[in-house]
1. Quick check on my filter: what residues within segment 90-140 are under 21 Å from ASN5 (Cβ atoms) and either over 18 Å from the mean Cα position of the chain (by Cα) or open to solvent by less than 40 Å² (accessible area, probe 1.4 Å) (or both)?
2. Can you find a residue that is farther than 13 Å from PHE131 by Cβ, assigned to a loop (DSSP other than H, G, I, E, B), out of contact with any strand residue (DSSP E or B) (no Cβ under 6 Å at 6 or more places or on another chain) and open to solvent by less than 20 Å² (accessible area, probe 1.4 Å) anywhere in segment 4-19?
3. On the given criteria, is LEU87 in contact with a Leu (Cβ under 8 Å, 6 or more places away or on another chain), within 20 Å of TYR4 (Cα to Cα) and surrounded by 13 or more Cβ atoms within 10 Å (Cβ to Cβ)?
4. Check whether at least one residue in segment 86-94 is without any contact (Cβ under 8 Å) to a residue 24 or more places away in the chain and more than 17 Å from PHE131 (Cα to Cα), and report yes or no.
5. Is it the case, given these coordinates, that GLU93 is farther than 21 Å from LEU35 by Cα and at pLDDT 95 or above?
6. Please specify each residue of segment 76-108 satisfying the condition of being in a strand (DSSP E or B) and of a type outside the set (Phe, Trp, Tyr).
Amino acid sequence: MKEYNLLIFSTSKPLKIGVYDGQRFLESFQMEGQLSDCLLPLFAKVCDKYPKVQTLFFINGPGSFMALKLVYIFAKTLAITKGIELLATNGFEFNGDSPIRAYGKSYFVRKKGQILLENFKELIQEAEYTFPPILNKDCFSPMIKPLYLLPAL
């Protein structure tokens with residue numbers, strides 16, 4: 001049976017999953033709503049069409065603590081139960097290095113490879129995450145733990 005790679009954008013809305021045949025993009029699926037309500041149903045829908053997943057690529061930050069925790073637990077469960085390889089990277093790889101909202105008018109920005117928190121005078125429109133036509137595995141790492149960049153409040 002042919003194996004596919006999946007790329008999950010779980011730190012933005014709507015939730016999106018891209019399907020790759022090797023490194024070549026095939027199609028994407030998306031679902032509106034809370035990540036906790038959408039992740040499993042959307043993943044099941046993707047797996048109905050593409051039942052054999054080789055590698056799960058995902059964003060491990062920056063973003064919502066809950067989203068980061070949820071996708072990490074989901075991914076680790078798949079790795080343990082299905083033997084799926086896991087690789088992660090930061091969201092800046094897929095949004096054109098645009099600011100990612102943290103809270104209020106604070107945004108995460110990436111400058112010279114470092115992720116920082118920056119305050120803006122006004123809310124800004126966040127860039128959409130886009131699936132690349134060719135998935136560059138070199139942008140990802142087996143270090144998949146969430147990037148918790150803010151202190152607990």
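1. Scanning segment 90-140 gives ASN90, GLY91, PHE92, PHE94, ASN95, TYR129, PHE131, PRO132, LEU135, PHE140.
2. yes
3. Details: in contact with a Leu (Cβ under 8 Å, 6 or more places away or on another chain): yes; within 20 Å of TYR4 (Cα to Cα): yes; surrounded by 13 or more Cβ atoms within 10 Å (Cβ to Cβ): yes.
Yes.
4. Checked segment 86-94: no residue is without any contact (Cβ under 8 Å) to a residue 24 or more places away in the chain and more than 17 Å from PHE131 (Cα to Cα).
5. Numbers: farther than 21 Å from LEU35 by Cα: no; at pLDDT 95 or above: yes.
In short, no.
6. Our first condition is that a residue be in a strand (DSSP E or B); within segment 76-108, this holds for 85-89, 100-103, 106-108.
Within segment 76-108, GLU85, LEU86, LEU87, ALA88, THR89, ILE100, ARG101, ALA102, SER106 meet the criteria.
The values are calculated or read from the model by the stated rules, or taken from the named source; none is laboratory data. Every value quoted in this text rests on a predicted model; they were computed, and no experiment measured them. In this analysis, Cβ positions are derived from the backbone assuming ideal geometry, glycine residues included, and neighbour counts consider all displayed protein chains. Accessible surface is based on the protein model in full, side chains and every heavy atom, while ligands, DNA and RNA are left aside. Shrake-Rupley method; radii C 1.70, N 1.55, O 1.52, S 1.80 Å.
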